[in-house]
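Chemist: This is the structure I have questions about; it appears just below.
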Amino acid sequence: MADEIRTIGVLTSGGDAPGMNAAIRAVVRQALAKGVRVKGIKKGYQGLLNEEIVDLERSSVSDIIQRGGTILGTARCMEFKTDEGQQKGATICMKHGIDGLVVIGGDGSYRGAQALSRKGINTIGIPGTIDLDISCTDYTIGFDTAVNTAMQAIDKVRDTSSSHERCSIIEVMGRNAGYIALWCGVANGAEDILLPEKYDYNEQRIINNIISNRKKGKTHHIIINAEGIGHSTSMARRIEAATGIETRATILGYMQRGGSPTCKDRFYASIMGAYATDILCQGKTNRVVGYQHGEFQDFDIEEALAMKKNIPDYQYEVSRALSM
Ligand code: ADP
Ligand code: F6P
């Protein structure tokens, strides 16, 4: 491990998330303020292995805090899951004088950070994912923007759904996690919310619900379906056949990952980026930054990855009760 941190690297990895640019900016400016140089590694671990490394100055991160995506680019890299790939990555860091690294991404990216840490490169993770599914933190960068983007889109679908007296299935992102679906379900007043963590695949219950709501005079029926359950189009066909009510599926898709970050995402990303830089410069390694109980904190990566996070039962029960 380097005794004194003189140069740090920063990379974004896994799925992009609005606010990643704000985090990059914070890392760069906090480091430069401490007299530490910064190198940007492009396209995640793939860019590290390809030595796509650039110097970052104050001006390199001007005019990016309001932009979605990541100026460094991101990627998924299978080679980095191998010991040879990780050793190569550590060797490249040393060759470029990078003695500390900030990794902005999700759980998978933390595994890569942990591997680099074991190979002697001080590494700190920052939670960057729209899915909110990182256990050691109540907040992940990108969630607020994504969930607001989805909420606004669902409001629009609801308008047309009501006009035509249709049923609408709206699929939101979340392959393994239902947080976006839960939040939109509550915020959009959906009649049904299907979460990977909770859905029992009882389609007849949904059909009965639609028929009973129609009898009560409801002109629309909104079903928020998480990507992890999927099959929205075929579900719509089956529901239409069973209920006789016109049913349409809308898959919101990647629009949820883009766009200008909300104030909340910019703020959390800025504080987390600065925090990660601070602890890196204090000589910490193999840590991940999180926000819990109203405070920014850091956790050992192994412990963070071992923590469990579930949709809170109470929140789910409330979402069901309010949709009746
Ligand atoms: P996220 O970081 O959003 O969870 P992924 O799970 O796709 O996204 O991980 C991003 C990248 O992190 C992977 O493409 C790979 O390069 C690296 N990574 C994932 N798992 C591991 C692992 N077990 N060991 C080393 N690197 C990993
Ligand atoms: O970033 C998280 C996420 O949006 C998940 O909800 C989704 O499963 C995944 O990314 C899809 O990403 P990609 O298609 O880029 O692999």
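The values are calculated or read from the model by the stated rules, or taken from the named source; none is laboratory data. The structure displayed is predicted, hence computed values, not measured ones. Methodologically, a virtual Cβ is constructed for each residue, glycine included, from the backbone with ideal geometry; neighbour enumeration extends over all protein chains shown. We work out accessible area using only protein heavy atoms, side chains counted, and drop any ligands, DNA or RNA first. Shrake-Rupley method; radii C 1.70, N 1.55, O 1.52, S 1.80 Å.
Chemist: Residues that are farther than 30 Å from Ile71 by Cβ and not small (Gly, Ala, Ser): does region 273-294 have at least one?
Modeler: yes
Chemist: Could we say that Ile104 is open to solvent by less than 50 Å² (accessible area, probe 1.4 Å) and assigned to a helix (DSSP H, G or I) here?
Modeler: no
Chemist: Going through region 118-144 one residue at a time, which ones are touching an Asp or Glu at 6+ places or on another chain (Cβ under 7 Å) and away from ligand 1 (no atom under 14 Å from the Cβ)?
Modeler: Result: Asn122, Asp144.
Chemist: How do the pairs read when you match residues in region 247-269 that are in contact (Cβ under 8 Å) with a residue 40 or more places away in the chain with residues anywhere that are among the aromatic types (Phe, Trp, Tyr), using Cβ under 9 Å and keeping only pairs 6 or more apart or on different chains?
Modeler: Qualifying pairs under 9 Å: Lys264/Tyr139; Lys264/Phe143; Asp265/Phe143; Tyr268/Tyr139; Tyr268/Tyr291; Tyr268/Phe296.
Chemist: Sticking with this one: Would you please name the residue that is most open to solvent (accessible area, probe 1.4 Å), looking only at residues in region 73-99 that are within 16 Å of ligand 2 (Cβ to nearest atom) and within 20 Å of Val28 (Cβ to Cβ)?
Modeler: The residue in question is Thr74.
Chemist: Filter region 239-284 down to the residues that are among the hydroxyl-bearing types (Ser, Thr, Tyr), surrounded by fewer than 17 Cβ atoms within 10 Å (Cβ to Cβ) and within 28 Å of Cys167 (Cα to Cα) and list them by number.
Modeler: Tyr254
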